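This structure is in structure tokens; I'll ask about it shortly.
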Amino acid sequence: MIRILLADDHALVRRGVRLILDSEPDLTVVAEAGDGAEAVEIARTTPIDLAVLDVAMPRMTGLQAALELSRRREPPRILMLSMYDHEQYFFAALKAGASGYVLKSVADRDLVDACRAAGRGESFLYPGVMSTLVRDYLDRVRRGERLPGQVLTPREDEVVKLIAEGHSSKEIAGALTISVKTVERHRANILQKLGMRDRTELTRYAIRAGLIEP
């Protein structure tokens, strides 16, 4: 029996996904969370084999939660559940420690297989992922776009998320237990790395990177 922690900020989505999983004899949802931070907290006290995390959630995203969970001494397997059929989210999920990526639009078809693959220690790629990645890559090359270079650190991702959510430097400093000066230094480094100028551009980036919902 694969014990599953399910995290999504929409109760109706959780209910639907739980119905799919609990109807299988070898899968059971033992806990639910409404955001990434709650998922990480639950995983500290509840024995689980697999975490199924929505990519974009408030407080802490699924990607950030996956990173936290994967750092544990005995980490659970991790699947990302997403509405975004985009290579940026897919690669970010793999980087965060996920072993699979399932689209919400076809969760009823793919999620059970993905959970079982994770239980066997295997990866799961949704059927259209390779053609999607290749098509997106070729489109960007044809448009002459610069392909992704330096990636932000996990701490910088946290700062971007909070900036995009409209928090002030003082609020960010309090949330991350760092000084305002350190927040400002992170902000300057982030803008330089991404070649951006202001909060508006950072917010667009945060949406594309799955740090916040549109």
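The values are calculated or read from the model by the stated rules, or taken from the named source; none is laboratory data. Predicted model only: the values in this text are computed from it and were never measured. Every residue, glycine as well, gets a Cβ built from its backbone with ideal geometry; the counts of neighbours run over all protein chains shown. Surface accessibility is based on the protein's heavy atoms, side chains included, excluding ligands, DNA and RNA. Shrake-Rupley method; radii C 1.70, N 1.55, O 1.52, S 1.80 Å.
Could you calculate the contour length gain from Arg73 to Leu125, that is, 0.36 nm times the residue separation minus the distance between their Cα atoms, to one decimal place in nm?
Between Arg73 and Leu125, full extension yields an extra 16.2 nm.
Residues of the chain: accessible area per residue at 1.4 Å, in Å²?
Roughly 51 Å² per residue, with all protein chains present.
Let me ask you something else. Nearest 500 deg cm²/dmol is fine: what mean residue ellipticity at 222 nm does the chain get from its DSSP H runs of n ≥ 4 alone, each adding -39,500 (n - 2.57), divided by its residue count?
The helix-only estimate for the chain comes to -15500 deg cm²/dmol at 222 nm.
Also, I was wondering about something else. For the modelled label position 7 Å from the Cα of Thr28 along Cα-to-Cβ, which residues of the range 111-125 have backbone nitrogen atoms closer than 17 Å?
116, 119
Now, a different point. Sequence neighbours fewer than 8 away in the same chain don't count; with that in mind, list the lysines whose C-alpha is under 28 Å from Lys104.
Lys95, Lys161
Then there is this: Round to a whole angstrom and tell me the spacing of the C-alpha centers of the range 55-88 and the range 185-209.
Here the answer is 21 Å between Cα centres.
What is the extension gain from Lys170 to Ile207, computed as 0.36 nm multiplied by their sequence separation minus the C-alpha to C-alpha distance, in nm to one decimal?
Working it through step by step, the gained length comes to 11.1 nm.
Rank by packing, highest mean first: peptides 95-108, 49-62, with packing defined as the count of other Cβ atoms within 10 Å averaged across residues.
Averaged packing, sorted descending, gives the order 49-62, 95-108.
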